[in-house]
Amino acid sequence: MKKYLYIITFICISNSTFAGVALLDHYQSTPLSGWYNNNLNVCGSTTKDLRLYYTYCPGFGTNCAPANSCFGNPNYRFLVTLEKNGLWVDDHTFDGGYWTYDYFYAVNMTPGSYRIKVVFQKRNLTCQYVTLETTYSNTIVVTGLPNISPVSITGPNVICTTNSQSYTLSGTSVNTTYTFNSTNNTFKLNGSNTWPINITGINPTIQIQPIVSGSSTTLSVTTSSSGYCGTSNSSIQISSLNPLLTVIASPTCTGPGGTTTVTATPNYSISNPTYGWQKKLSSAAWPTNDINTGSNPTYNLSVVTTPTVDISYDFRARVTDQGCVSPYSTSVRVRWCKDNGVYCCIPKREGEFEEEQLENKITISPNPSNGNLFVKFSESTFEIKKLLVSDLSGRIVKVVDPKTNSAELNINFDEFSNGCYLLQVIDQGNTIYNSKFILSR
C-alpha cells in the first residue's frame, strides 16, 4: 500500500495596495503659534522644532499593514532619517506598534532643502526585518536672505547759519527703515529734536537744523529692511558755527595822546578764529578791505599828535571760524578830543541818542549821587545787559553784569572818590547808551 505525504501551502494575497504618507512641518510662535510646512527665509540660520506625521495606510485606520510573521515578536520597525540636500542630519529608530508623530527638537537649519525619509519594516518567518515601504516627506526649503546694503549719509560737516541744511542717504534700493540719533538734542531733523527719529523710504533727503550756534553733534543712522539680514550704520560729524560778534571800545573817549582798545567778543568759544577789522572816520565810508589781527580779538589805536578838532572813529569787526564768516558787528564809535574836557568825552555814535533824547530812554538818579545810583530804562521791554563806569581819563573803573536781566539796576559807589564819571549802559540788543554822573558826598 502506497502512502502519500501532502503538503498544503496557504497563500494569502491582499487585494489592497497602500502607500504611506509622511508630512513634515515646523513650529513657529508668530504671527500665530502652531505647526506649519511653509518654506523659510533665514539670516544665516534658524533653530526650529520639526514634527513628522506618518501613516502607512491613510484613511484605513492603523491596522492595515501586513501582520508580522515572527511569532513571539510582533513589533514593527520604523527608521526615520532627517536629511538636508539628501545628506544625513539626524535619525530616530522605533521598534513597536503603530505610531503617528515623531519630533526633532532644536534643529539648526541653514539654507538648503530638508525632508524626512521613513522606512517601514516588519518581521518575516525567520524574524528578520524586511522593508514594507520607503516614503519621503514633503520638502521644506530654507533660503538665506541677503545682507542689507551699506548705507551712507552725505552733507556738510559745518553749518554756518541756523538755517536747515540738506543731507542725503544712499546705498539702498528697497523700502528701508532709517533710525536716526543725535548726540546733541539742540539739532533738529525735519523739524523735530525728539530723538531717535524713524523715517521709512528709499534713500531719503533729510533736513538738519541747528538750534544753538557753536554746538556740534554726531548724527548717526541705522537701517533695517524686511527681506534683508542685519543692519547698516553710518554717521557724520556736524558743527553749527554761525559766529556773531559784540564789539566794545575802552575807553570810548580819550584826550590828546590817548589810546583806545576795541575788543570783539564772539557769541561762543572759537578755537582758531581769524578776526578782520574795519576803521573809518565817522564822516567817511567803510573801506573795502579788512585789517587782519589773526586770532587776536583786540584792535589798538593811538593818536599821538594833539588833534586840532575833535575826531571820531568808527570800528566794526567780523570773524572767520572754520570757513564760516560772521556778518560785521554793530559799529562802535571812539572819540579823540582836542582837550580833556568832560563835555567832549560824552561819546556818541550812529544809532545813539543825544543827551536830551537819552533822558526819554533811561533815568539816572540821583545825579549828583551820594554813593547810590539808580539806573532804569523808561520802557520795560529794555533790559540792562552790562554797565560800564569810566573816569574822565577813559579808564574803566567798574563793570556790572546783572545776574538777571531787568530794566532797572541799583549800584553802590561808596568805594569811589567824588568827581565826574562816565556811564555806559548796554541793553539786550547790544545798543550802548552813554551818560555821565557826579559823585558828591
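Within region 255-274, is even one residue more than 30 Å from Tyr421 (Cβ to Cβ), in a strand (DSSP E or B) and not assigned by TED's automatic domain parsing to the domain that holds Ile159? Within region 255-274 (the criterion being more than 30 Å from Tyr421 (Cβ to Cβ), in a strand (DSSP E or B) and not assigned by TED's automatic domain parsing to the domain that holds Ile159), the answer is yes, since at least one residue qualifies.
One residue stands out in region 292-316 among those that are hydrophobic (A, V, I, L, M, F, W, C) and under 11 Å from Trp277 (Cβ atoms): the one that is modelled with the highest pLDDT, namely Phe315. Scanning region 409-439 for residues that are at pLDDT 80 or above, surrounded by fewer than 17 Cβ atoms within 10 Å (Cβ to Cβ) and not in a strand (DSSP E or B) turns up Asp414, Glu415, Phe416, Ser417, Asn418.
Is region 145-161 home to any residue that is polar (S, T, N, Q), closer than 30 Å to Pro66 by Cβ and at pLDDT 90 or above? No - not one qualifying residue is present in region 145-161.
Determine whether Asn85 is polar (S, T, N, Q), without any contact (Cβ under 8 Å) to a residue 60 or more places away in the chain and at positive phi. Yes; evaluated as a whole, the condition is true for this residue. When residues in region 249-275 are screened for being at pLDDT 85 or above and surrounded by 20 or more Cβ atoms within 10 Å (Cβ to Cβ), 7 of them pass. Checked against (1) part of a strand (DSSP E or B); (2) more than 18 Å from Thr55 (Cβ to Cβ), Leu125 passes all but a single condition, namely (1).
Might you check whether a residue that is small (Gly, Ala, Ser) and assigned by TED's automatic domain parsing to the domain that holds Val221 occurs anywhere in region 157-169? Yes, region 157-169 contains at least one residue that is small (Gly, Ala, Ser) and assigned by TED's automatic domain parsing to the domain that holds Val221. Here region 170-186 is the region considered, the condition is being part of a strand (DSSP E or B) and either modelled with pLDDT under 95 or among the hydroxyl-bearing types (Ser, Thr, Tyr) (or both), and the residue that is farthest from Ser213 (Cα to Cα) is Thr176.
Table: residues versus (1) touching a residue at least 40 places away in the same chain (Cβ under 8 Å); (2) surrounded by fewer than 17 Cβ atoms within 10 Å (Cβ to Cβ).
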residue: Lys188; (1), (2): no, no
residue: Asn193; (1), (2): no, yes
residue: Ile197; (1), (2): no, no
residue: Gly214; (1), (2): yes, no
residue: Ser232; (1), (2): yes, no
residue: Ile236; (1), (2): yes, no
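If you go through region 382-408 and keep only what is of a type in the set (Gly, Ala, Ser) and either in contact with a Leu (Cβ under 9 Å, 6 or more places away or on another chain) or assigned to a loop (DSSP other than H, G, I, E, B) (or both), you end up with Ser390, Ser393, Gly394, Ala407.
The values are calculated or read from the model by the stated rules, or taken from the named source; none is laboratory data. Bear in mind that the values here come from a model prediction, so they are computed numbers and not experimental data. Here Cβ is always computed from backbone atoms with ideal geometry, including for glycine, and neighbour counts include all displayed protein chains.
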